1. Could you put V89, V30 in order of accessible surface area, largest first, with the 1.4 Å probe and the full protein assembly present?
2. In terms of modelled amide H atoms, which long-range or inter-chain residues lie less than 5 Å from the amide H of A27?
3. If you count only protein heavy atoms and use a 1.4 Å probe, how large is the accessible surface of K26, to the nearest 10 Å²?
4. Treating only the Cβ of Lys, Arg, Asp and Glu as charged (+1, +1, -1, -1), what charge dipole size does the chain show about its Cα centre? Round to the nearest 20 debye.
5. Cα to Cα, under 16 Å, and not fewer than 8 places away if on the same chain: which lysines meet these conditions relative to K26?
6. How much of the accessible area of the chain, probe 1.4 Å, is carbon plus sulfur, in whole percent?
7. About the Cα centre of segment 1-77, what is the dipole size in debye to 20, counting +1 per Lys and Arg Cβ and -1 per Asp and Glu Cβ, all else neutral?
8. In nanometres, what is the gap between the two model label sites at D107 and T80, each 7 Å from Cα along Cα-to-Cβ?
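The values are calculated or read from the model by the stated rules, or taken from the named source; none is laboratory data. None of these values were measured; they are calculated from a predicted model. Cβ placement follows ideal geometry from the backbone for every residue including glycine, while neighbour counts extend to all protein chains displayed. In case anyone asks, the SASA skips ligands and DNA or RNA and just uses the protein heavy atoms, side chains included. Shrake-Rupley method; radii C 1.70, N 1.55, O 1.52, S 1.80 Å.
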Amino acid sequence: AQGRPGTLLSINSKAGRVFSIEEGRKAFSVAVSDLHGRILRYERLPKGESFQDDIQKLIRKMSAGDAVIYGAAIASDYNTRIELPFPSVRISRAEAEAGAEVARLGDLESFLFISWSDTIAATIRKNGMMIPLPDLPHIRAQRDGDCSCGGKGCLEAVSSGQVILSRTGADSYRTLFGNREYHEMIKVMLRPMAAALSEAAQALSASSVIITGRMAAMPDAMYAYLQTLVSSLLPPGRENMIIYRSSAGENGAREGAALKALDTFFYNTELLLRLKAIENLSVPFQNGI
């Protein structure tokens, strides 16, 4: 348009910081990110009795100069109380990992995300929002296997990372995937996962699946085997649904938590997306009714 040229403005990513804290079964991970969501530094610490003091020390160590700290997001599936000197929000590991995938790859509408680590969790993206699926880990995937929920053969009880480590005898996920002696045993425990994925994909009309979490690092041969199993269980027309490996890898929860903190305490884009979704779903009044 005619008139004076506009002044272009941009966010100074160095002027602010957010923290992301990932809680695992045995350790915490503390990361600091700039206002573009880039992780600048992170450190792990054991989940000992002094973890509160240790987290505070790391935060002081990672706080740089005059940069404003806007808040933090805690990615956790536990109820541990974590005290922080600034505002914080809690999200599940599944939501954090899924958020990192969306940030890296795009919208991913109707994608099913399986957070597969010591435990199993799931979420699906619908209408631009993440919808948690707390019942998916308790789909009955085989006849036997006692679950903490009181059921038998739940996916969580027969295919979680912790169960796989226990039954194979591997001392870590790195050992589990690096030692070929365990691969055939892993394949046996992929069968319940395939059964659960085929049922969930059909019930939820999922377009594709992305595996996140520690089990996402399993070898390509394991993905190929899982893909073959799932394709054989899906009905005609759905057998081409693809199972993808996480693009964020082990950084997924940290990246996703940082983005959640930025959205909650700085950008507020999720609020705008929710308002837009409500507007799109609303029915206009007709004839004054």
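1. Largest accessible area first, the list is V89, V30.
2. Under 5 Å from the amide H of A27 lie the amide H atoms of K47, each far enough along the sequence or on another chain.
3. For K26, the solvent-accessible surface is approximately 140 Å².
4. 340
5. Hits, sequence-local ones excluded: K47.
6. 52
7. About 280 debye.
8. 3.8
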